[in-house]
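Novice: The structure is given below, and queries will be raised subsequently.
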Amino acid sequence: MSNDSLPAIIRVEALEPAFEAAAAGWAARLHLPLTGEADFAVQLGNEGLQFVELGPNAPGPVRVDFVEGAVAHRRLFGGGSGQMIAKAVGIQPGVRPLVLDATAGLARDAFVLAELGCSVMLIERQPVIAALLEDGLGRAMADPEVAPIVDRMRLRFGNAIELMQAWPDEAPQVIYLDPMFPHRDKSALVKKEMRLFRPLAGADDDAPALLAAALALATHRVVVKRPRKAPTIAGVQPGYALEGKSSRFDIYPKKTLKAKAD
């Protein structure tokens, strides 16, 4: 991993002496210092890897946790295959498409799809976010209930456009895109994450190129998650949309997903 895209000053910290060696390993992988003045820190401790803003009035840390918290609540009470995201990617009786989430972020939506039975490939281009995601997936494998879900998730680090243009494996039936901006979700959690990740990721100004690469690779459809009132991505227009209270899914169909014959 490289920190070429990181305008913020970040260091890596061990929260306890027992984690110093592992923290040094992450620092080497991320090409980040272990000491010195910094705006943010990648911290390693008993709860895994986390990212935190330093200084007064900063929000708390963000980590990827597929076992507890908001993701667990959604797993237990989220509504199953009746969720709008399930309809957007084409889940139906006998149909669990192979999905590529090309803008993985913290992979909450990818986890929902994996829980519903889809095999999900993930791409994340921001090195620190990818590290949080790798750590969260690794910790989840130790939980007997969640391990079978995250076992259906595979993470790749890199530029999604370049990776999709030279895709070496079986082409995904569905490609899922959730460009980071603009987001209008006003929840405290999303506000905190946007404050932390905006200096890392910047604006997704390559969304049209991302959509074009996805449309060239997906065999059946591309799904783009947008704030409900946001404009569509420039370029090819969606065939239709599914709209919820705060967000919508723009659907770009190429083929109809059908159940496999026995």
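Novice: Name the residues in the stretch 227-251 that are closer than 19 Å to Ala212 by Cβ, surrounded by 14 or more Cβ atoms within 10 Å (Cβ to Cβ) and in contact with a helix residue (DSSP H, G or I) (Cβ under 6 Å, 6 or more places away or on another chain), would you?
Specialist: Those that are closer than 19 Å to Ala212 by Cβ, surrounded by 14 or more Cβ atoms within 10 Å (Cβ to Cβ) and in contact with a helix residue (DSSP H, G or I) (Cβ under 6 Å, 6 or more places away or on another chain): Ile233, Phe249.
Novice: Okay, moving on. Would you check which residues across the stretch 98-136 are on the phi > 0 side of the Ramachandran plot and touching a residue at least 40 places away in the same chain (Cβ under 8 Å) and list them?
Specialist: Once the filter is applied, which keeps residues that are on the phi > 0 side of the Ramachandran plot and touching a residue at least 40 places away in the same chain (Cβ under 8 Å), the stretch 98-136 yields Gly105, Ala107.
Novice: Under the condition of being modelled with pLDDT under 95 and among the β-branched types (Val, Ile, Thr), which residue from the stretch 233-262 is nearest to the chain's Cα centre (by Cα)?
Specialist: Checking each candidate, the answer is Ile233.
Novice: Can you name the residue in the stretch 196-210 that is within 15 Å of Asn159 (Cα to Cα) and either in contact with a Pro (Cβ under 9 Å, 6 or more places away or on another chain) or of a type in the set (D, E, K, R) (or both) and is also modelled with the highest pLDDT among such residues?
Specialist: Leu210
Novice: While we're on this one: If you scan the stretch 100-159, which residues turn out to be part of a strand (DSSP E or B) and surrounded by 21 or more Cβ atoms within 10 Å (Cβ to Cβ)?
Specialist: Leu100, Asp101, Val120, Met121, Leu122, Ile123, Glu124, Met153
Novice: Okay, next question. For Glu145, only one of the following conditions fails: (1) at pLDDT 95 or above; (2) more than 20 Å from Leu177 (Cα to Cα). What is its number?
Specialist: Going through (1) at pLDDT 95 or above; (2) more than 20 Å from Leu177 (Cα to Cα) one by one, Glu145 breaks only (1).
Novice: For the stretch 45-67, enumerate the residues that are part of a strand (DSSP E or B), aliphatic (A, V, I, L, M) and crowded, with 19+ Cβ neighbours inside 10 Å.
Specialist: Across the stretch 45-67, the qualifying residues are Leu49, Val62.
Novice: If you don't mind, there's one more thing I want to ask. Just to verify a result, which residue in the stretch 46-85, among those that are polar (S, T, N, Q) and within 30 Å of Leu242 (Cα to Cα), is modelled with the highest pLDDT?
Specialist: Result: Gln83.
The values are calculated or read from the model by the stated rules, or taken from the named source; none is laboratory data. As the structure is a computational prediction, the values presented were derived from the model and not from experiment. Don't worry about glycine lacking a Cβ; one is built from the backbone with ideal geometry, like all the others, and counts go over all protein chains shown.
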